[in-house]
Structures are given as C-alpha cells and as structure tokens.
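Inspection log for the structure reproduced underneath, given as structure tokens.
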Amino acid sequence: MSNAPPPPATRPGLLNRLYARVLRHAGSPHAPLWLALLAFCEASFFPLPPETLLIPMTLSQRQKAWRYALICTIASVAGGILGWAIGAMLLDYAARPIVHFYHAEHTLTALQDKFRQWGVWIILFKGLTPIPYKFVTIASGMAHFALVPFIVASTVTRGVRFFLVAGLLRRFGAPIEAFIETRLPLLMGIFAVLLLGGFLALHYL
C-alpha cells in the first residue's frame, strides 16, 4: 500500500521479512482478520505490534478507525489471556523459551516482583509503556495474578492505546503518522502517569 510505513533500516533481517509479510495483508479483503490475528499473537509471543497493520489500514479507510481499534483491543485482550495461561501453566514448556528468545529474563523477573507489590497497577501502567505487552501477560500468569482483574485492566490499557492511535489517524490522517511512530511511547507514558495520578487522587482525596 502507498500509505504503508517503510521498515526502519535498523530492523533485523527476520523482522524485516515479517514486517513486509504482515504489511502485504493490509490491503487484503481479509485485513480485519489479519489485524485480529496479529493483535492476538503479539500479546503472547509475536514480535510485531498491532500498529504495524492498524496504521496503514486506518489511513486507507479512516471511517473504520473505531472498528479497527475495537478489533485490536478485543483480540489483544484474548491474546493476553493466552499469555497469562502460558505464564501460569506452561512455565518451563513455553514461557521461559519465549522470554529467552527475546533475551528478556531480567525484564520478566522485574515484572514478577512488581506484580507482587503493585498488582493491577502494573498492568495499567506497563501496558501503556514501550515494554512489549507479552512480557506483562506472561509475568502476570507466572505471578498467579487473578484472571478477572487482569482482563479488566488489559481491556483498559489496550483500549486506550489502540483507540488513541486510531483516533489520531482518523482526525489528522497521514501527517500524524510519523509523529505516532516516533512519539507514541511518550504519549502512552504521559497518559499512564495521568491515569495513575487520577486513581491515587480518588483513593487519597
């Protein structure tokens, strides 16, 4: 597609190929299905974020922005449940190999400790940061975090991310694309701080 963002020059060869293959589905009649599959897989093991498809699909049909964001949110939460199950029930068979593939053992250990200290706040906060969400979902399962609060928090944090991206693209179109790709972590971080501050204010005031 003409609106598809080019892969960064620094992206490893394997990711380049995955990126190009995923983007080929952006113009397919089955693009929403591929978007759901990508969002589902990314939440538990796949390296490419849903925005890889969400951005070009929304730019090509901006009137469907909210639909695409909803697809991403539902599929990502469902994939997060799989990630939780991998961490809770398949620790040695699946969780550790996935984490080792990304060389993220230290990240996972740190997240487990934070889950024990902060619980649902970690899902709300880390789900908006650049840390891949798959590590949050796997760590929550390894920490045996309650599934229902996990689903609720995942819906909030994933929904905010995808609806913000879709909303910006729907409103501003292609000119905002580069800003989203370079500044999205900053936007998410600011929102996460504001979200945390709002909850703390409600609790203590």
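Miscellaneous remarks
- Accessible surface of the range 31-77 [probe 1.4 Å, protein heavy atoms]: carbon and sulfur percent: 73 percent
- A Förster radius of 41 Å, combined with the Cβ-Cβ distance separating residue 92 from residue 67, puts the computed FRET efficiency at roughly 0.55.
- Between residue 30 and residue 109, the FRET efficiency estimated from the beta carbon spacing at R0 = 22 angstrom works out to 0.05.
The values are calculated or read from the model by the stated rules, or taken from the named source; none is laboratory data. Small disclaimer: the values here were computed from a predicted structure and weren't measured. All Cβ positions, glycine included, derive from the backbone under ideal geometry; neighbour counts span all protein chains shown. To get the accessible areas, we keep the full protein, side chains included, count just its heavy atoms, and leave off ligands, DNA and RNA. Shrake-Rupley method; radii C 1.70, N 1.55, O 1.52, S 1.80 Å.
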